[in-house]
1. Of the numbered conditions (1) modelled with pLDDT of 95 or more; (2) assigned to a strand (DSSP E or B), Arg154 satisfies every one except a single condition; which is it?
2. For segment 138-152, how many residues are touching a residue at least 40 places away in the same chain (Cβ under 8 Å) and β-branched (Val, Ile, Thr)?
3. If you take just the strands (runs of 3 or more DSSP E) that sit entirely in segment 1-98, which of them hold at least 3 residues that are at pLDDT below 95 and not small (Gly, Ala, Ser)?
4. Of the residues Gln180, Gln174, Gln234, Gln135, only one is in contact (Cβ under 8 Å) with a residue 24 or more places away in the chain, among the polar types (S, T, N, Q) and surrounded by fewer than 17 Cβ atoms within 10 Å (Cβ to Cβ); which?
5. For Glu220, are the conditions met, namely being part of a loop (DSSP other than H, G, I, E, B), loosely packed, with under 15 Cβ neighbours inside 10 Å and of a type outside the set (Phe, Trp, Tyr)?
6. In segment 197-211, what count of residues is obtained for those that are within 19 Å of the chain's Cα centre (by Cα), over 16 Å from Gln117 (Cα atoms) and at pLDDT 95 or above?
7. Under the condition of being small (Gly, Ala, Ser) and in contact (Cβ under 8 Å) with a residue 60 or more places away in the chain, which residue from segment 197-217 is surrounded by the most Cβ atoms within 10 Å (Cβ to Cβ)?
8. Go through segment 138-148 and report how many residues are surrounded by fewer than 23 Cβ atoms within 10 Å (Cβ to Cβ) and over 23 Å from Arg167 (Cα atoms).
Amino acid sequence: MLGLLSRRKRSAKTDICSAVVVAAGSARRMEGIDKVMTPLGGVPILVRTLRVFQNCEQVHEIVIVTREDLLADVAKLCKAYNLDKVSGIVVGGTERVLSVQAGLRQVRKDAALIAIQDGARPFLSQQVLGDVLHQAKLSGAAAPAIAVTDTIKRVDAKELICDTVDRSCLRAVQTPQVFQADLIRAAIRKAVDDGAPVTDDCSAVERLGMKVVLTPGERENIKVTTPFDMILGQAILEARGE
């Protein structure tokens, strides 16, 4: 694996970058509202997410992973909003790692980099995207992150505080998480084969003993998960003048 990374660093050719946008989750935390299809400022959340990659010159294709019942609706959105970088829409799995694996099977075989993005993270900026893509080209694995500002407590099964965690070394990791293509394919395959409970794609890569470099994220790069996040989303749009 390290040899592959070394060869990637020496390569001077244009890197093909594919984006896998994962939008296959349930709406249980959104009180029955399908978050990725919900309009935010008149535009579906998923469309806002996809537009960032559509407008990025460094991204060559987009693969969407969604639920089977949303396949037709997602295809209609892509056509209606002229998202012509979308090369495929596939059905995801019962767990996120399985959805990512389904997306990886669909991307271009000549992709050098693969960016994996939450479908419900519509406020990704071109700056954050550009920074993480650049770092991934250099190191093989990168993700945006922000410092944790709340005081973090470790608790026991009875919700009693055990100790206070030093937040100076804690980071909240966002997406997109970007990797050398063969690295993330191997990492996700290994995680699936082992039945490992990975909560993000960096975790899968870390299991192989590889390091992930963090790049600056943004507070606005929220993931819409609860109804309250919709309120935050509206506030972000208003602050942006939309």
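1. (1)
2. The initial filter retains those residues of segment 138-152 that are touching a residue at least 40 places away in the same chain (Cβ under 8 Å), namely 138-146.
Now restrict to residues that are β-branched (Val, Ile, Thr): 146.
Selection size over segment 138-152: 1.
3. Working: elements: 17-23, 61-66, 86-91.
Filter on segment 1-98 gives an empty set.
4. Working: Gln180 fails: surrounded by fewer than 17 Cβ atoms within 10 Å (Cβ to Cβ); Gln174 fails: surrounded by fewer than 17 Cβ atoms within 10 Å (Cβ to Cβ); Gln135 fails: surrounded by fewer than 17 Cβ atoms within 10 Å (Cβ to Cβ).
After ruling out the rest, the residue left standing is Gln234.
5. Numbers: part of a loop (DSSP other than H, G, I, E, B): yes; loosely packed, with under 15 Cβ neighbours inside 10 Å: no; of a type outside the set (Phe, Trp, Tyr): yes.
When the stated conditions are applied, Glu220 does not pass them.
6. Taking segment 197-211 as the starting set, the residues that turn out to be within 19 Å of the chain's Cα centre (by Cα) are 197-207, 210-211.
If we keep only those that are over 16 Å from Gln117 (Cα atoms) as well, we get 197, 206-207, 210-211.
If we keep only those that are at pLDDT 95 or above as well, we get 206-207, 210-211.
Summing the residues that are within 19 Å of the chain's Cα centre (by Cα), over 16 Å from Gln117 (Cα atoms) and at pLDDT 95 or above in segment 197-211 gives 4.
7. Taking segment 197-217 and keeping what is small (Gly, Ala, Ser), we get 203-204, 209, 217.
Cutting the leftovers down to in contact (Cβ under 8 Å) with a residue 60 or more places away in the chain gives us 204, 217.
Details: Ala204: 28, Gly217: 22.
Among residues in segment 197-217 that are small (Gly, Ala, Ser) and in contact (Cβ under 8 Å) with a residue 60 or more places away in the chain, the one surrounded by the most Cβ atoms within 10 Å (Cβ to Cβ) is Ala204.
8. Matching residues across segment 138-148 total 2.
The values are calculated or read from the model by the stated rules, or taken from the named source; none is laboratory data. This one's a predicted model, so the numbers in the text were calculated from it and none came from an experiment. Neighbour counts run over all protein chains shown; Cβ positions are idealised from the backbone, glycine included.
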